[in-house]
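Colleague: Structure below; questions to follow.
The values are calculated or read from the model by the stated rules, or taken from the named source; none is laboratory data. Quick caveat: nothing in here was measured; it's all calculated off a predicted structure. Please note: Cβ atoms are built from the backbone with ideal geometry, for glycine as well, and neighbour counts cover all protein chains shown. Just so you know, the surface numbers come from the protein's heavy atoms only, side chains and all, with ligands and any DNA or RNA stripped out. Shrake-Rupley method; radii C 1.70, N 1.55, O 1.52, S 1.80 Å.
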Amino acid sequence: MEVLSGTHKKLGQRIKELRGGLNMTQEDLAIKVGVDRSYMGFIERGEKNPRLSMLDKIAKTLKVPLSELFQSI
């Protein structure tokens, strides 16, 4: 498996935090973004390096600007 940086873990934690603030499950987010729940889990754990277009979909689904995903990273 690809070894990713701490930044990926922080990004995943931020996505999880924002998702939780909306009382949205990981599966809810995955369905709305159009990916499998397991892939969303990989992103939230910092185990995958999502494309910018995927991050944009995630931000829109979480109703935040893309820059908000990177807050405090």
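Colleague: Give me the pairs, please: first residue somewhere in segment 50-70 and without any contact (Cβ under 8 Å) to a residue 60 or more places away in the chain and closer than 13 Å to Leu11 by Cβ, second residue anywhere and part of a loop (DSSP other than H, G, I, E, B) and open to solvent by 30 Å² or more (accessible area, probe 1.4 Å), beta-carbon distance under 7 Å, and either six or more positions apart or on two chains.
Modeller: From segment 50-70, the pairs are Ala59/Pro65; Leu62/Leu22.
Colleague: Restricting attention to segment 13-26, which residues are open to solvent by less than 100 Å² (accessible area, probe 1.4 Å) and more than 12 Å from Ala59 (Cα to Cα)?
Modeller: Gly20, Gly21, Leu22, Met24, Thr25, Gln26 - these are the residues of segment 13-26 that are open to solvent by less than 100 Å² (accessible area, probe 1.4 Å) and more than 12 Å from Ala59 (Cα to Cα).
Colleague: Determine which single condition Gly46 fails, assuming it passes every other condition in (1) without any contact (Cβ under 8 Å) to a residue 24 or more places away in the chain; (2) within 10 Å of the chain's Cα centre (by Cα).
Modeller: For Gly46, the failing item is (1).
Colleague: Do you know which residues across segment 1-39 are touching an Asp or Glu at 6+ places or on another chain (Cβ under 6 Å) and within 14 Å of Glu68 (Cβ to Cβ)?
Modeller: Passing the criteria: Ile15, Lys16.
Colleague: Any chance you could count how many residues in segment 27-52 are open to solvent by 80 Å² or more (accessible area, probe 1.4 Å) and of a type in the set (S, T, N, Q)?
Modeller: 1
Colleague: Name every residue in segment 53-69 that is open to solvent by 90 Å² or more (accessible area, probe 1.4 Å) and either in contact with a helix residue (DSSP H, G or I) (Cβ under 8 Å, 6 or more places away or on another chain) or under 15 Å from Ala30 (Cβ atoms) (or both), in order of residue number.
Modeller: The answer is Lys57, Lys60.
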